[in-house]
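Q: Pasting a structure here, questions to come.
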Amino acid sequence: MSNTKPKVAFYWCASCGGCEESIIDLAEDILKVAAAVDIVFWPVALDFKRKDVEAMEDGSIAASFINGAVRNSEQEDMVKLLRRKSRIVVAHGSCSHLGGIPGLANFWDKETIFRRAYLTTPSTDNPQGVVPLEKSAVDGCELELPRFYDTVFSLDQVIDVDYYLPGCAPPRDLILSAFQALLEGTLPPKGSVLSPNKSECDECDRNDTKPEKLEIKEVKRPWEVHLDPEVCFLAQGVICMGPATRAGCGQRCISANMPCRGCFGPTDQVYDQGAKFLSAFASILATDDEKEIENIVQTIVDPAGTFYRFSLPSSILRRKRLEAVK
Amino acid sequence: MQEEPFEPNLVGFLCTWCSYTGADFAGTARMTYAPNVKIIRVMCSGRVDPQFVLKAFREGADGVLISGCHPGDCHYKEGNYRTLRRYRLLIRVLEQMGIEPARLRLEWVSAAEGARFQRVCNEFTEQIRALGPLSLNGGKHEQHQA
Ligand code: SF4
Ligand code: FES
């Protein structure tokens, strides 16, 4: 019987492991999923190897769920391989969907990242200054490592993607309904983000406390204020990405009294989440005077990193200009 | 072969009520000025979504001009104040992205100020000429070919 079940693969690229966790966290529901499908590849949990995937017929996997951004040659090769073998590819989670937190590395390049990670962090102990090399000779053997890129990519910048499961990590109900739709053949049109196409504010419990006219006089970071647990964050002078972010997360951050950070990415109408937020946010600065505007703008510590926290690689500019990093 | 001299490629978003009319006036008055700014007419400078500006840079603009009515004169009352706020925030983001703030210019040009429009175009063109071309690199070249 098992060979008639749809084959499913899970893979991870540049990610933190949270998206793998989101699948394990399906708890008893994972058993239902496991009973309904045949998991043919899942490096974090099962001992299948790349050669097993290579041996499969093209298009023989019903769906591959790939989490993480793509930032080195091995990840690129693996996702291209999985694309060939799969009828459907789902970008699972913010990093795969938008570039995610690893995508913030697009403010730097390989050299600055390596220097920081392997040489200059306070906790680094590396007196010989060893950094990863693509090829190195050890005891007469040549060892190879994947090539690390200057730029982090979202999955759809590398391969064709059929669906996006948003979130850092995607919540359980969205994953389950994606599986259900997959099994029942009720998936929406290709390219869809599998979460409601409305803004986070639309679903937010605090939306009623948002004043008719929001006025920002100074921007504060969440730890600088004693946050009222009921009131709209923007009304408290704290940046909340809700207006420019897709709904469907179940308000995990907001109910923990933390503003939305934008992990679901934009709605279908918006191309560039950061620019859209910038536009909305600038409109509510409480002054028309150029000098005062500048003063308020200066109270935002890291606008690009905040507005594009999860979406820098998939933004219009994609990265800081390489020429300006070098 | 000699390299072609750099000719700035500029995009200008002009509000229809003041700046576009001002540009038109410069034309009907036969003022000559640098032809580098490719004009896109919008209803109000406040209609210029920051996505438009980023898209222009992405598609090859070396500089972007946004021009609207003088403060207090916006046909929609406060569209240009919004533009001003967005502009101040956007140039900070551009700077973080490695794009010189001078590549985005905001000007107020009224319907009667053809000469001012002429001066803005000339100045901006020379300013960007001095800055040189904007090469945006999405990093795509790094991936190896499938
Ligand atoms: S801005 Fe944030 S806190 Fe305010 S309504 Fe929107 S999502 Fe809720
Ligand atoms: S109509 Fe000219 S700036 Fe609004």
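Q: Only one of A:118, A:149 is surrounded by 15 or more Cβ atoms within 10 Å (Cβ to Cβ), more than 30 Å from residue A:189 (Cα to Cα) and modelled with pLDDT of 95 or more; which? Write out each step before concluding.
A: Values: A:118 fails: surrounded by 15 or more Cβ atoms within 10 Å (Cβ to Cβ).
That would be A:149, the only listed residue that is surrounded by 15 or more Cβ atoms within 10 Å (Cβ to Cβ), more than 30 Å from residue A:189 (Cα to Cα) and modelled with pLDDT of 95 or more.
Q: Next question, about the same structure. Please pick out the residue among B:116, B:86 that is under 20 Å from residue A:277 (Cβ atoms) and not polar (S, T, N, Q). If you could, list the steps in order and put the result at the bottom.
A: Numbers: B:116 fails: under 20 Å from residue A:277 (Cβ atoms).
Answer to the selection: B:86.
Q: Could you pull out every one of the helices (runs of 4 or more DSSP H) wholly within region A:234-326 that has 1 or more residues that are in contact with a Gly (Cβ under 9 Å, 6 or more places away or on another chain)?
A: Numbers: elements: A:252-255, A:273-283, A:290-298, A:303-307, A:322-325.
Here the list reads A:252-255, A:273-283, A:303-307, A:322-325.
Q: Here's something else I'd like to know. Determine whether residue B:58 is within 9 Å of ligand 2 (Cβ to nearest atom) and within 27 Å of residue A:318 (Cβ to Cβ). Outline the logic, then answer.
A: On the way: within 9 Å of ligand 2 (Cβ to nearest atom): no; within 27 Å of residue A:318 (Cβ to Cβ): yes.
So residue B:58 does not fit the description; no.
Q: Check residue A:170 against each of (1) under 26 Å from residue A:230 (Cα atoms); (2) touching a Pro at 6+ places or on another chain (Cβ under 7 Å); (3) away from ligand 1 (no atom under 16 Å from the Cβ) and name the one condition it does not meet.
A: Of everything listed in (1) under 26 Å from residue A:230 (Cα atoms); (2) touching a Pro at 6+ places or on another chain (Cβ under 7 Å); (3) away from ligand 1 (no atom under 16 Å from the Cβ), residue A:170 misses just condition (2).
Q: List every residue pair whose Cβ atoms lie under 8 Å apart, where the two residues are 6 or more positions apart in sequence or sit on different chains, the first residue falls within region A:171-196 and is part of a helix (DSSP H, G or I), and the second residue, located anywhere, is surrounded by fewer than 21 Cβ atoms within 10 Å (Cβ to Cβ) and of a type in the set (D, E, K, R).
A: Matching pairs, first to second residue: A:172/A:25; A:172/A:29; A:176/A:29.
Q: Given the criterion of a type in the set (Gly, Ala, Ser) and closer than 24 Å to residue A:314 by Cα, identify the matching residue among A:129, A:140, A:99. Let's see the steps before the verdict.
A: Numbers: A:129 fails: closer than 24 Å to residue A:314 by Cα; A:140 fails: closer than 24 Å to residue A:314 by Cα.
A:99 is the lone residue from the list that is of a type in the set (Gly, Ala, Ser) and closer than 24 Å to residue A:314 by Cα.
Q: A follow-up question, please. Among the listed residues A:304, A:275, A:280, which satisfies the condition of being surrounded by fewer than 20 Cβ atoms within 10 Å (Cβ to Cβ) and either closer than 18 Å to residue B:53 by Cβ or modelled with pLDDT under 95 (or both)? Write out each step before concluding.
A: Numbers: A:304 fails: surrounded by fewer than 20 Cβ atoms within 10 Å (Cβ to Cβ); A:275 fails: surrounded by fewer than 20 Cβ atoms within 10 Å (Cβ to Cβ).
Going through A:304, A:275, A:280 in turn, the sole match is A:280.
Q: Those residues that are hydrophobic (A, V, I, L, M, F, W, C) and not in a loop (DSSP other than H, G, I, E, B), I need them from region A:199-224; list them, please.
A: Selection gives A:201, A:216, A:223.
Q: Could you identify the single residue in A:191, A:237 that is out of contact with any Pro (no Cβ under 9 Å at 6 or more places or on another chain), within 30 Å of residue A:39 (Cβ to Cβ), small (Gly, Ala, Ser) and more than 16 Å from ligand 2 (Cβ to nearest atom)?
A: Numbers: A:237 fails: within 30 Å of residue A:39 (Cβ to Cβ).
It is A:191.
Q: Can you spot a residue in region B:16-31 that is under 29 Å from residue A:313 (Cβ atoms) and in contact (Cβ under 8 Å) with a residue 24 or more places away in the chain? Show your work before the answer.
A: Let us first name the residues in region B:16-31 that are under 29 Å from residue A:313 (Cβ atoms), namely none.
Within region B:16-31 (the criterion being under 29 Å from residue A:313 (Cβ atoms) and in contact (Cβ under 8 Å) with a residue 24 or more places away in the chain), the answer is no, since none of the residues qualifies.
Q: Within region A:265-290, restricting attention to residues that are within 11 Å of ligand 1 (Cβ to nearest atom) and farther than 16 Å from residue A:221 by Cα, which residue is nearest to the chain's Cα centre (by Cα)?
A: So the first thing to find is which residues in region A:265-290 are within 11 Å of ligand 1 (Cβ to nearest atom), and the list is A:277, A:280-281, A:284.
Filter again for farther than 16 Å from residue A:221 by Cα, leaving A:277, A:280, A:284.
Working: A:277: 17, A:280: 22, A:284: 28 Å.
Residue satisfying both the conditions and the ranking: A:277.
Q: Quick one: in region A:188-243, of everything that is more than 14 Å from chain B (Cβ to nearest Cβ), hydrophobic (A, V, I, L, M, F, W, C) and surrounded by fewer than 18 Cβ atoms within 10 Å (Cβ to Cβ), which residue is farthest from ligand 1 (Cβ to nearest atom)?
A: Ranking the qualifying residues of region A:188-243, first place goes to A:223.
Q: Name the residue that is farthest from the other protein chains (Cβ to nearest Cβ), counting only residues in region A:74-101 that are over 18 Å from residue A:22 (Cα atoms) and β-branched (Val, Ile, Thr).
A: A:88
Q: Follow-up question, since we're still on this one. Looking at (1) of a type in the set (D, E, K, R); (2) assigned by TED's automatic domain parsing to the domain that holds residue A:275; (3) under 25 Å from the mean Cα position of the chain (by Cα); (4) surrounded by fewer than 19 Cβ atoms within 10 Å (Cβ to Cβ), which is the one condition that is false for residue A:246?
A: Residue A:246 satisfies all of (1) of a type in the set (D, E, K, R); (2) assigned by TED's automatic domain parsing to the domain that holds residue A:275; (3) under 25 Å from the mean Cα position of the chain (by Cα); (4) surrounded by fewer than 19 Cβ atoms within 10 Å (Cβ to Cβ) except (4).
Q: Still on this model: Of all residues in region A:144-168, count the ones that are closer than 27 Å to residue A:116 by Cα, in a loop (DSSP other than H, G, I, E, B) and more than 10 Å from chain B (Cβ to nearest Cβ).
A: As a first pass, look at region A:144-168 and keep what is closer than 27 Å to residue A:116 by Cα: A:144-155, A:157-158, A:168.
From what's left, in a loop (DSSP other than H, G, I, E, B): A:145-147, A:154, A:158, A:168.
If we keep only those that are more than 10 Å from chain B (Cβ to nearest Cβ) as well, we get A:145-146, A:154, A:168.
Total satisfying the criteria: 4.
Q: Give region B:1-15 a look and list any residue that's without any contact (Cβ under 8 Å) to a residue 40 or more places away in the chain and either among the aliphatic types (A, V, I, L, M) or in contact with a helix residue (DSSP H, G or I) (Cβ under 6 Å, 6 or more places away or on another chain) (or both), or say none.
A: B:1
Q: Then there is this: Within region B:47-54, is even one residue near ligand 2 (Cβ under 9 Å from one of its atoms) and within 16 Å of the chain's Cα centre (by Cα)?
A: Step one: of region B:47-54, the residues near ligand 2 (Cβ under 9 Å from one of its atoms) are B:47.
Next, from what is left, pick out any that are within 16 Å of the chain's Cα centre (by Cα): B:47.
Taking every residue of region B:47-54 in turn, at least one turns out to be near ligand 2 (Cβ under 9 Å from one of its atoms) and within 16 Å of the chain's Cα centre (by Cα).
Q: Can you find a residue that is buried (at least 17 other Cβ atoms within 10 Å of the Cβ) and at pLDDT 95 or above anywhere in region B:72-79? Spell out how you get there, then give the answer.
A: The initial filter retains those residues of region B:72-79 that are buried (at least 17 other Cβ atoms within 10 Å of the Cβ), namely B:74, B:79.
The next check asks that each one be at pLDDT 95 or above; those that pass are B:74, B:79.
Yes - at least one qualifying residue is present in region B:72-79.
The values are calculated or read from the model by the stated rules, or taken from the named source; none is laboratory data. Predicted model, so just to flag it, every value in this text is computed and none were measured. So basically every Cβ, Gly included, is an ideal-geometry build from the backbone, and we count neighbours across all protein chains shown.
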